[in-house]
Amino acid sequence: MNSVVLILLGVLVYYLGMRFYANFFDRQIIQTNPQRATPARLYADGVDFLPTSKNILFGYQFKSIAGAAPVLGPIIAIKWGWLPGLLWILFGAFFIGWIQDYSSAIVSLRSDGQTFGGISHSLISPRARIILLSFIYFYLLLIAAAFSNVVATFMSNNPNLSLAIIALALSGCLVGFLIYYGKISLVLVTLFGLLIFYLAFSLGGKFPLALSPLGANKMLWLGFALIFSFFGSVLPIWVFIQPINYLSFYIILFGMIGAVLGIILGHPKLQAPAFTSFNAGGLPLWPMLFVTIACGAISGWHSNVSSTGTSRQLAQETDARPVTAGAMFLEMILAIIALTIVSITRAQGRWDILFGEGLDEVFHYLGLPRGWGKAYGPLMIIILAITILHLVIRFMRIATNELLGKKLPILRNPILGTLIALIFSFLLVYTGSFNYIWVLFGSANQLMASLALLLASVWLVAEKKPTRFTFYPMVFMYLTTMSALIYTTFTVLRQAITGLDLAGKPLPTSSVVGNYFAGAIGLVLFIAAIILVYDGLRAYFRYAGGRDEREKGNI
Amino acid sequence: MKERKGIFKTLKEFIYGMAAHDTARFALKTRGSMEHLFILITMGDMLGVPILPPYYSLRLLPYCVPQIATWKRRMLREKDFTDTLA
């Protein structure tokens, strides 16, 4: 099949989803009203609550939700063939993805701009909030482990990119300094930063930097990624994270524009098999595909962005649909682009080289020499992963402070909070298998999505609105994700207890420890999800029975 | 009357939203936090936290009046770490 057809299918679903389904839900079910005051207008403080143009918010929402996952998920899922991944991305985004993002923003919008912690407290139960916040901490830990693993793997496999990544960190800091202290034009500073970066990128092949010639590169680069994140967490955000992420944005943007243009100009045929098997690499298609591809189809992370940042900036209720649903459908197209890139290459083998091989094909149609894409593909993935990684470690440090700081005041120390996050991440990556970490991360992400859909369903029933549009997707996501979680937890714990891998070979001690660690996290997520859904469904049926505890002030 | 924006302005806003909106927002948050800390020190007794003697608070009051409503709301609003996620 021609690769352009995949992109066109994405555009078609974007149009149908926005024009019909999202429009219907927005107007008929939620009944948004442009005259109703939003929290951004009602509580405008110029800080958290700030009415913002919908175009700006659309860009903000898209950038916040589209990290490494919409690119990595489809690449990893190519082992089942491109067709299952494509179908899940299209149907997942159409029936579940956008409605989760949109309804999360609407619930927050109609609840005075409260975040999920506050909403779950008032709508479901006080303990739901504590469990949700603890759940989010483990979810962040799995993101940190998955993405630091990605950075370490790609950096150790591509020593020609080391110079570019180090240049990005240094030029990012320099850009921040020039903007904030030098007060130099943003355009000039941006061009200067990008010039340094691309110079280092082009020289990277001549000066490859391998941290160790003895084959221990991955662990050393893991250390690099975590030290990088340490600075991101403890330094002021404008010194390190923001300027680096700012420059990174352009590097990714250029890569994606090049990829789209290359696919359109070259319109190559898909080379990967449409379907391989229902059990690829020991992982069954259901439920594993549905947690392997999270962002792009549906992702719990989006509900956090919608309910925290975006809902407090929407100037009108009617902006919620183009901003949240629009960004979700655009991310769906991004995932399809990633899927297309790995499907057009003839190369076979490890998922971590397929994206570079595919991008090389695509860049070649633009007239770029062979080899550029092979370097730029892994570079994009490293940058996408590292920009999320240092933010997540920072969030974990803040979460440690908030969750445990009152009981153990020493944990309020930012360095200690950061070190705890880094040690957990390191242990998980050092001892664990990437496949299981990625599946656990995907499971936590999709569970977060089903909890967001549950929260939206509870709110809808409390507001006496039809709930089937969020409730049935929630049931599907919850059952699928819990199955994936049970399967993974059972597999890793069985390996830990028997000391044998899937092929029956003895595991090294570190892997046994890693499997126990991953299994324990899986169990914690499983129990937290059971309690949350039990409380959530009780609240749902309480409201369905006409008892609104919010009005009585009992909660 | 709804404002109609040209394609270039829309694109410019979209790029700005992706590239720099979170940075600008964080700068505003930082400034807001500093200002609110200052008001807490000077006007804390409004929330039952007397820090500065009322004589000085009253002298500073005219400068703080425009922000007092939003300051009180922000100080007393329930927050958790999900507030920092986006």
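Rule-based calculations on the coordinates, nothing more; no lab input. All values derive from a computational prediction rather than experimental measurement. So basically every Cβ, Gly included, is an ideal-geometry build from the backbone, and we count neighbours across all protein chains shown.
Seen through its C-alpha gyration tensor, with square-root eigenvalues sorted a ≥ b ≥ c, region A:388-476 comes out oblate because a/c lies at 1.5 or above while a/b is not bigger than b/c. Of interest is the spacing of the C-alpha centroids, which for region A:30-91 and region A:240-264 amounts to 18 Å.
Can you give the FRET efficiency to the nearest 0.05 for A:GLN35 and B:ARG73, using r as the Cβ-Cβ distance and R₀ = 25 Å? Given R0 = 25 Å and the Cβ-Cβ separation, E is 0.65. The magnitude of the dipole of region A:1-137, with charges of +1 and -1 set on the Cβ of Lys/Arg and Asp/Glu and taken from the Cα centre, is near 120 debye. Taking Cα atoms only, the orientation of helix A:162-180 departs from the longest principal axis of chain A by about 50 degrees. Between A:LEU500 and A:LEU507, the built amide H atoms are under 5 Å apart, and every one of these is 5 or more places off in sequence or on another chain. Each of the peptides A:409-422, A:225-238 was scored by the mean count of other Cβ atoms within 10 Å over its residues; in descending order, highest first, they stand as A:225-238, A:409-422. Convex hull volume of the Cα atoms of region A:398-443, normalised per residue: 79 Å³. Site pair A:LEU220 and A:LEU502 shows an inter-label distance of 3.1 nm when each label is modelled 7 Å from Cα along Cα→Cβ. Look at the stretch A:40-50: the mean tally of other chain Cβ atoms within 10 Å of its residues' Cβ atoms is 5.
Sorting the segments B:50-61, A:298-309, A:536-547 by their mean number of nearby beta carbons within 10 angstrom, highest to lowest, gives A:298-309, A:536-547, B:50-61. Look at A:PHE471, A:PHE207 and count the other Cβ atoms within 10 Å of each Cβ; fewest to most, that gives A:PHE207, A:PHE471.
Think of chain A as having a plus end and a minus end, set by charges on the Cβ of Lys, Arg, Asp and Glu; of A:ASN157, A:GLY358, A:ASN279, A:ASN279 sits farthest toward the positive end of this dipole. Counting only the Cα atoms, chain A fills a convex hull of 154 Å³ per residue.
Would you mind checking A:LYS63/B:LYS5; A:LYS63/A:LYS464; A:LYS406/B:LYS72 for any pair whose Cα atoms are more than 27 angstrom apart? Violating the 27 Å Cα-Cα cut-off are A:LYS63/A:LYS464. For the pair region A:309-329 / region A:144-159, the C-alpha centres are spaced 33 Å from each other. For A:LYS374, the aspartates and glutamates whose Cα falls under 16 Å of its own Cα, not counting residues fewer than eight places away in the same chain, are A:ASP352, A:GLU357, A:ASP360, A:GLU361.
FRET efficiency for B:TYR63 and A:LEU253, Cβ-Cβ distance as r, R0 = 56 Å, nearest 0.05? Given R0 = 56 Å and the Cβ-Cβ separation, E is 0.85. Amide H to amide H distances under 5 Å link A:ASP112 with no residue, where only residues 5 or more positions off or on other chains count and H is placed in the peptide plane. Residue by residue, region A:330-346 carries 3J(HN,Hα) couplings of 5, 5, 4, 5, 4, 5, 5, 4, 4, 5, 5, 4, 7, 8, 8, 7, 7 Hz when phi is fed to the Karplus relation 6.51 cos²θ - 1.76 cosθ + 1.60 (θ = phi - 60°); x denotes Gly or Pro. Entry note: region A:20-83 has Rg to Rh equal to 1.16, where both radii use alpha-carbon atoms and Rh is the Kirkwood radius. Would any residue of region A:274-288 have its amide N under 12 Å from a label point 7 Å out along Cα→Cβ of A:LEU9? List them or say none. Those under the cut-off are A:274-275. Between the helical axis of A:54-65 and the longest alpha-carbon principal axis of chain A there is an angle of about 60 degrees.
Partners of A:LYS505 within straight-line reach, counting lysines whose Cα lies under 25 Å from its Cα and excluding those fewer than 8 residues away in the same chain: A:LYS79, A:LYS218. Each Cα pair under 8 Å and six or more residues apart adds its sequence gap; the mean of these over the residue count of region A:3-429 is a relative contact order of 35 percent.
In terms of packing, defined here as the mean over residues of other Cβ atoms within 10 angstrom, the peptides A:319-328, A:13-22 line up highest first as A:319-328, A:13-22. Of the residues A:MET332, A:MET1, the one with the fewest other Cβ atoms within 10 Å heads the list, and the complete ranking is A:MET1, A:MET332. The Cα atoms of region A:194-306 give a gyration tensor whose axes a ≥ b ≥ c have a/c under 1.5, which makes the shape rounded.
Segment A:LYS464..A:ARG370, full-extension length gain: 27.9 nm, with 0.36 nm per residue of separation and the alpha-carbon distance subtracted.
Of the chymotrypsin sites (Phe, Trp or Tyr not before Pro) found in region A:157-207, the ones in coil according to DSSP and having at most 15 other Cβ atoms within 10 Å of their Cβ are A:TYR181.
The mean number of Cβ atoms from other chains found within 10 Å of a Cβ in peptide A:159-171 is 0, as a whole number. Projecting the Cα positions of B:GLY6, B:ALA20, A:PRO378 onto the charge dipole of the protein assembly as shown (unit charges on Cβ atoms of Lys, Arg, Asp and Glu, taken about the Cα centre) puts B:GLY6 furthest along the positive direction. Anisotropy class assigned to chain B is prolate, per the alpha carbon gyration tensor with a/c at or over the 1.5 cut-off and a/b larger than b/c. Taken residue by residue and averaged, Cβ atoms of other chains lying within 10 Å of the Cβ of A:419-430 number 0.
Counting only alpha carbon atoms, the long axis of helix A:98-109 and the longest principal axis of chain A meet at about 50°. In this structure, A:LEU87 and A:LEU404 have a Cβ-Cβ separation that, at R0 = 45 Å, corresponds to a calculated FRET efficiency of about 0.55. What you get for region B:7-78, charging only the Cβ of Lys and Arg (+1) and of Asp and Glu (-1), is a dipole of about 180 debye around the Cα centre. Charge dipole of chain A (Cα centre as origin; +1 on each Lys and Arg Cβ, -1 on each Asp and Glu Cβ, all else neutral): 420 debye, rounded to the nearest 20. Mean sequence separation of contacting Cα pairs (under 8 Å, at least six apart), scaled by the length of region A:233-378, corresponds to a relative contact order of 28 percent.
Calculate the spin-label point distance for A:ARG350 paired with B:PHE26, positioning each point 7 Å from the Cα along the beta-carbon direction, and give it in nanometres. Here the modelled spin labels are 3.2 nm apart.
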